[in-house]
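Q: The following block contains the structure, expressed as structure tokens.
The values are calculated or read from the model by the stated rules, or taken from the named source; none is laboratory data. These numbers were taken from a predicted model, which means no experiment stands behind them. Neighbour counts run over all protein chains shown; Cβ positions are idealised from the backbone, glycine included.
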Amino acid sequence: MSVIVTDSGFGADDWAAPVVPMEEAGPGTTAVAVPSDAEPLALADFVSAQPDLMMIRINFPSHADGRGFTLARQLRLAGYEGRLRAEGHVIADQYAMARRSGFDEVEISDELAQRQPEDQWLFRADWKAHDYQSRLRG
Amino acid sequence: MYSYSDFDAAFVAERNRQFRAQVERRLDGSLTEDEFKPLRLMNGLYLQLHAYMLRVAIPYGTISARQMRQLAHIAETWDKGYGHFTTRQNIQYNWPRLKDVPEMLDALAEVQMHAIQTSGNTIRNVTADHFAGAAADEVEDPRPYAELIRQWSTDHPEFQFLPRKFKVAVSGSEHDRAVIAFHDIGLRIVQKDGQTGFEVVVGGGLGRTPMIGKVINSFVPKEDLLAYIEAIVSVYNLLGRRDNKYKARIKITVHEHGIDDIRERVEARYAQIRPTFEGADQQMLGAIKSQFALPKFKQAATDAYDSRYENDVLFRSWADTNLTAHRDADHSIVTISLKKHGATPGDASADQMRAMAELAELYGYDELRISHEQNVILPHVHKSDLPAVYDALREAELATANIGLVSDIIACPGMDYCALATARSIPIAQEIANRFDELKMEHDIGHLKIKISGCINACGHHHVGHIGILGLDRGGVETYQITLGGDGTEGAALGTRTGPGFSAEEIVPAIERLVEAYMDHREGPDETFLAAYRRLGMEPFKAALYEDARAEAA
Ligand code: HEM
Ligand code: SF4
């Protein structure tokens, strides 16, 4: 099982449909799993060719691997407006980064949720505050 | 000078609160050691050979008297009474205790300073020409741009977990005092058709694979700067290698893909990113610029300086060596040497920091700079005040007249502090300085940069030393390799190896032979070591190093 983290804290996964790997996606696919080494231009092309897509889940193989943040930002810049989820080894300290990069939510394991309980994530739910990027881009 | 906005101050306070919580969460097990490591690094906390080290940013090397006093206070309260100024305009405290670090960070915040992104795989403290705003040869002061980049890069959500560290330097002059060709991104302010913009260089670096940066764009208008560098870092974040730490810097990415491929990717990314900047950054730049307005320069006669110069040999020697032309003819730029013969290059005691702060207040419009050559600078001093400044520096043992000379050595911490070292470097620097001091030759030798690293990571910049020294471990014995002809300025060049290395006992005499060969061959005192090497090539130096040694032994 896993835990879904949003600005309001921990919740259960409300996404019921299958999440399929990119290369298995076809007509009718509503959710895909994207690896951290995806090529952003190819990813943008892929997304625009999938009209039924409602959710993209980007994997973080390690908390030290920051590619997912740039992939999320690229998808948003390319116009993707659906649900965007970070999944894998993302720690509470990265929650604000994930939200600022364009993710809606983070999916973590039960083990991680136990070690870093809800209050540690809520501590960073104020991600809109103290943000140099939004100041510079106003 | 830049003074924090309310936003900056609140940001740093909040960041310190977060770090305090991170330290507690490490202790209670919420964070594993592995997870904590990048978090402490992005807050400047490094683990060294003997203890933690805290690296504090001095953005673009500019600091006020009050801030310098606080650095002294921190050194005395939580460290051993001194600090170490580094080659990237930071100050390092080598002996803090983990539990004291949050308090040290709060003390820094009191004077608008921080240690954010001085370590880790982040965009590091942005450096700039240490003579910015004072130099006679400047197109424009680079510091407002450096401050803008500091704000943009601070806590940038995409770029806190890059493949590797990322260093940016900005210069506003034709003459490069910021080593821009050896940074991940080097920026040089240029004018084109009455417009201000930047020549952008990427993929330079030293370390185990030294590379000279390549021009990715010869003119990026200043309005487009943030979007352009964001595009570069964004491309690098996805493309940079994460499988091998030694191949993870952007210099390798550029080398493996070629600059044309990288340029194409950057342009595509730039087209997406540019529209997200709608002008707020330029308004902020305008406000930042007004804070860097020059002080109102004092007007007075300079007789006191002229007569002291005429009558006091020691003062004259110091003035000839440690002063640089200022944009205002009645002022000078004073470089204070932290390279007293036999001392640790870059170290300053708390008392010395206070003495320098006081001079800045009395005679220097309240401003100090830290240079990448590990010295401290008073950027604006009226000539009539130079005798008083000199006398006070002598009292604080800070009046060594050796800027740019053979004993103004850059040396990394080496075996004395560093877990990665393969040889000592500070003692070698001390011996070289002492030797040439004994010989009383350094002023005759003139401009000569010696740089020493204690292992191939090249923290001492040996690749760009006119004479570079690299300490290696060969079968348990320290061996020092020499390179010649490196140059970190606008003539960017990597040094060339002379041949087999020398033992710790042989290295100082070897350097002495090199310098003697230069003195024998130079066309006159105006031909520097580097110029002579470029004219003559390696041969006479090689002969001095190897054949003369054999002749002596025979
Ligand atoms: C004692 C603790 C230190 C350790 C363990 C250390 C370690 C390293 C390592 C591993 C690198 C290579 C990184 C890479 O190429 O990706 C490096 C680079 C560098 N270090 Fe240090 N260092 C230390 C202290 C210092 C100090 C005190 C200075 C300044 C005086 C310094 C200045 C630099 C610079 C400028 C580079 C960049 C070279 C480049 O452009 O690649 N380091 N350091
Ligand atoms: S060059 Fe090597 S020995 Fe010197 S500080 Fe860097 S890592 Fe340590």
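Q: Mind checking which residues of the stretch B:286-327 are surrounded by 15 or more Cβ atoms within 10 Å (Cβ to Cβ) and more than 17 Å from B:Arg394 (Cβ to Cβ)?
A: B:Ile288, B:Lys289, B:Phe292, B:Lys298, B:Thr302, B:Thr324, B:His326, B:Arg327
Q: With respect to the numbered conditions (1) part of a helix (DSSP H, G or I); (2) within 16 Å of ligand 2 (Cβ to nearest atom); (3) crowded, with 20+ Cβ neighbours inside 10 Å, which one is the sole condition not fulfilled by B:Ala423?
A: (1)
Q: Still on this structure, please answer the following. Taking the residues in the stretch A:43-56 that are aliphatic (A, V, I, L, M) and without any contact (Cβ under 8 Å) to a residue 40 or more places away in the chain as candidates, determine which candidate is surrounded by the most Cβ atoms within 10 Å (Cβ to Cβ).
A: We begin by selecting, within the stretch A:43-56, every residue aliphatic (A, V, I, L, M); these are A:43-44, A:47, A:49, A:53-56.
From the residues that got through so far, the ones that are without any contact (Cβ under 8 Å) to a residue 40 or more places away in the chain too are A:43-44, A:47, A:49, A:53-54, A:56.
Details: A:Leu43: 20, A:Ala44: 18, A:Val47: 20, A:Ala49: 9, A:Leu53: 18, A:Met54: 13, A:Ile56: 25.
Residue satisfying both the conditions and the ranking: A:Ile56.
Q: Let me ask you something else. Please pick out the residue among B:Glu358, B:Glu367 that is away from ligand 2 (no atom under 16 Å from the Cβ), outside the structural domain of B:Arg534 (by TED's automatic domain parsing), under 19 Å from the mean Cα position of the chain (by Cα) and among the acidic types (Asp, Glu).
A: Numbers: B:Glu358 fails: under 19 Å from the mean Cα position of the chain (by Cα).
Every option except B:Glu367 fails the conditions.
Q: Against the condition touching a residue at least 60 places away in the same chain (Cβ under 8 Å) and not β-branched (Val, Ile, Thr), how does B:Leu494 come out, does it pass?
A: In short, yes.
Q: If you don't mind, there's one more thing I want to ask. Within the stretch B:136-173, track down each residue that is among the β-branched types (Val, Ile, Thr) and away from chain A (no Cβ under 14 Å).
A: B:Val139, B:Val168, B:Val170
Q: Looking only at the stretch B:44-76, which residues are within 22 Å of the chain's Cα centre (by Cα) and either assigned by TED's automatic domain parsing to the domain that holds B:Phe161 or over 20 Å from B:Glu147 (Cβ atoms) (or both)?
A: Hits for the stretch B:44-76 are B:Leu45, B:Tyr46, B:Leu47, B:Gln48, B:Tyr52, B:Met53, B:Leu54, B:Arg69, B:Ala72, B:Ile74, B:Ala75.
Q: For B:Leu386, all conditions in the list (1) within 15 Å of the chain's Cα centre (by Cα); (2) modelled with pLDDT of 95 or more hold save one; what is the number of the exception?
A: With respect to (1) within 15 Å of the chain's Cα centre (by Cα); (2) modelled with pLDDT of 95 or more, B:Leu386 is out only on (1).
Q: May I pose another question? Among the residues of the stretch B:333-346, are any surrounded by fewer than 23 Cβ atoms within 10 Å (Cβ to Cβ), assigned to a loop (DSSP other than H, G, I, E, B) and at pLDDT 95 or above? So that I can check it myself, show each step before the final result.
A: The first filter runs over the stretch B:333-346 and keeps only residues surrounded by fewer than 23 Cβ atoms within 10 Å (Cβ to Cβ), leaving B:333, B:340-344.
From what is left, the residues that are assigned to a loop (DSSP other than H, G, I, E, B) are B:340-344.
Keeping just the survivors that are at pLDDT 95 or above gives none.
No, the conditions are met nowhere in the stretch B:333-346.
Q: If you don't mind, there's one more thing I want to ask. Say we look at the stretch B:288-304 and pick out the residues that are in contact (Cβ under 8 Å) with a residue 24 or more places away in the chain and in a helix (DSSP H, G or I); which of these is farthest from the other protein chains (Cβ to nearest Cβ)? Step through it out loud before you land on a result.
A: Our first condition is that a residue be in contact (Cβ under 8 Å) with a residue 24 or more places away in the chain; within the stretch B:288-304, this holds for B:288-289, B:291-292, B:294-295, B:297-304.
Right, trim to in a helix (DSSP H, G or I) and you get B:288-289, B:291, B:303-304.
Working: B:Ile288: 12, B:Lys289: 15, B:Gln291: 16, B:Asp303: 50, B:Ala304: 47 Å.
Out of the qualifying residues, it is B:Asp303.
Q: Pick from the stretch B:31-59 the residues that are surrounded by 21 or more Cβ atoms within 10 Å (Cβ to Cβ) and in a loop (DSSP other than H, G, I, E, B): which of them is nearest to the other protein chains (Cβ to nearest Cβ)?
A: So, considering only residues that are surrounded by 21 or more Cβ atoms within 10 Å (Cβ to Cβ) and in a loop (DSSP other than H, G, I, E, B), the one nearest to the other protein chains (Cβ to nearest Cβ) is B:Leu31.
Q: Would a scan of the stretch A:73-83 turn up a residue that is of a type in the set (Phe, Trp, Tyr) and closer than 25 Å to B:Asp243 by Cβ?
A: The answer is no, given that none of the residues of the stretch A:73-83 is of a type in the set (Phe, Trp, Tyr) and closer than 25 Å to B:Asp243 by Cβ.
Q: Then there's this: Filter the stretch A:29-47 for residues that are away from chain B (no Cβ under 12 Å) and closer than 14 Å to A:Glu81 by Cα and give the result.
A: A:Thr30, A:Ala31, A:Val47
Q: Of everything in the stretch B:471-485, what is within 21 Å of B:His183 (Cβ to Cβ) and in contact (Cβ under 8 Å) with a residue 40 or more places away in the chain? Give them in sequence order.
A: As a first pass, look at the stretch B:471-485 and keep what is within 21 Å of B:His183 (Cβ to Cβ): B:483, B:485.
B:Gly485 - this is the single residue of the stretch B:471-485 that is within 21 Å of B:His183 (Cβ to Cβ) and in contact (Cβ under 8 Å) with a residue 40 or more places away in the chain.
Q: Taking the stated definitions as given, is B:Gln283 within 13 Å of chain A (Cβ to nearest Cβ), surrounded by 16 or more Cβ atoms within 10 Å (Cβ to Cβ) and farther than 23 Å from B:Arg124 by Cα? Before you say what the answer is, go through the steps one by one.
A: Details: within 13 Å of chain A (Cβ to nearest Cβ): yes; surrounded by 16 or more Cβ atoms within 10 Å (Cβ to Cβ): no; farther than 23 Å from B:Arg124 by Cα: yes.
The answer is no for B:Gln283.
Q: Only residues that are farther than 27 Å from B:Glu358 by Cβ and touching a Leu at 6+ places or on another chain (Cβ under 7 Å): list them for the stretch B:394-439, please.
A: Of everything in the stretch B:394-439, those that are farther than 27 Å from B:Glu358 by Cβ and touching a Leu at 6+ places or on another chain (Cβ under 7 Å) turn out to be B:Val406, B:Tyr417, B:Cys418, B:Ala419, B:Thr422, B:Ala423.
Q: Which residues, counting only those in the stretch B:415-455, are under 18 Å from the mean Cα position of the chain (by Cα) and either within 12 Å of ligand 1 (Cβ to nearest atom) or within 14 Å of chain A (Cβ to nearest Cβ) (or both)? Please lay out each step first, then the result.
A: Pass one, the stretch B:415-455, residues under 18 Å from the mean Cα position of the chain (by Cα): B:425-426, B:429, B:448-454.
Within the stretch B:415-455, B:Ser425, B:Ile426, B:Ala429, B:Lys451, B:Ile452, B:Ser453, B:Gly454 qualify.
Q: Looking at B:Asp100, B:Asp137 in this structure, which one is assigned by TED's automatic domain parsing to the domain that holds B:Leu47, more than 30 Å from A:Arg73 (Cβ to Cβ) and not aromatic (Phe, Trp, Tyr)? Before the answer, list the steps.
A: Numbers: B:Asp137 fails: assigned by TED's automatic domain parsing to the domain that holds B:Leu47.
Just one listed residue meets the conditions, B:Asp100.
Q: So which residues in the stretch A:16-42 are buried (at least 17 other Cβ atoms within 10 Å of the Cβ), modelled with pLDDT under 95 and either closer than 16 Å to A:Phe103 by Cα or acidic (Asp, Glu) (or both), if there are any at all?
A: A:Pro40
Q: What's the total number of residues in the stretch A:116-138 that are assigned to a loop (DSSP other than H, G, I, E, B) and among the acidic types (Asp, Glu)? Before you say what the answer is, go through the steps one by one.
A: Filtering the stretch A:116-138 down to residues assigned to a loop (DSSP other than H, G, I, E, B) leaves A:116-117, A:123-131, A:138.
Checking which are among the acidic types (Asp, Glu) leaves us with A:126, A:131.
Going through the stretch A:116-138 one residue at a time, the tally reaches 2.
Q: For the stretch B:188-204, state whether one or more residues are hydrophobic (A, V, I, L, M, F, W, C), part of a strand (DSSP E or B) and surrounded by fewer than 22 Cβ atoms within 10 Å (Cβ to Cβ). It would help to see each step written out before you state the result.
A: Just the residues of the stretch B:188-204 that are hydrophobic (A, V, I, L, M, F, W, C), to begin with: B:189-190, B:198, B:200-202.
Then drop every residue that is not part of a strand (DSSP E or B), which leaves B:189-190, B:198, B:200-202.
From what's left, surrounded by fewer than 22 Cβ atoms within 10 Å (Cβ to Cβ): B:189-190.
Yes, the conditions are met somewhere in the stretch B:188-204.
Q: Filter the stretch B:410-420 for residues that are of a type outside the set (Val, Ile, Thr) and either within 7 Å of ligand 2 (Cβ to nearest atom) or crowded, with 19+ Cβ neighbours inside 10 Å (or both) and give the result.
A: In the first step, residues of the stretch B:410-420 are kept if they are of a type outside the set (Val, Ile, Thr); the result is B:411-420.
Matches in the stretch B:410-420: B:Ala411, B:Cys412, B:Pro413, B:Gly414, B:Met415, B:Tyr417, B:Cys418, B:Leu420.
Q: Yes or no: B:Ser3 in a loop (DSSP other than H, G, I, E, B), at pLDDT 95 or above and small (Gly, Ala, Ser)? Give the steps one after another, and end with the answer.
A: Details: in a loop (DSSP other than H, G, I, E, B): yes; at pLDDT 95 or above: no; small (Gly, Ala, Ser): yes.
Here the answer is no, as B:Ser3 does not meet what is asked.
Q: Take B:Ala268 and decide whether it is surrounded by fewer than 18 Cβ atoms within 10 Å (Cβ to Cβ) and more than 12 Å from ligand 1 (Cβ to nearest atom). Explain how you work it out, then say what you get.
A: Working: surrounded by fewer than 18 Cβ atoms within 10 Å (Cβ to Cβ): yes; more than 12 Å from ligand 1 (Cβ to nearest atom): yes.
Yes, satisfied.
Q: Still on this structure, please answer the following. Which of the numbered conditions does B:Glu230 fail, given that it passes all the others? Conditions: (1) within 30 Å of B:Gly465 (Cα to Cα); (2) out of contact with any strand residue (DSSP E or B) (no Cβ under 7 Å at 6 or more places or on another chain); (3) more than 16 Å from ligand 1 (Cβ to nearest atom).
A: (1)
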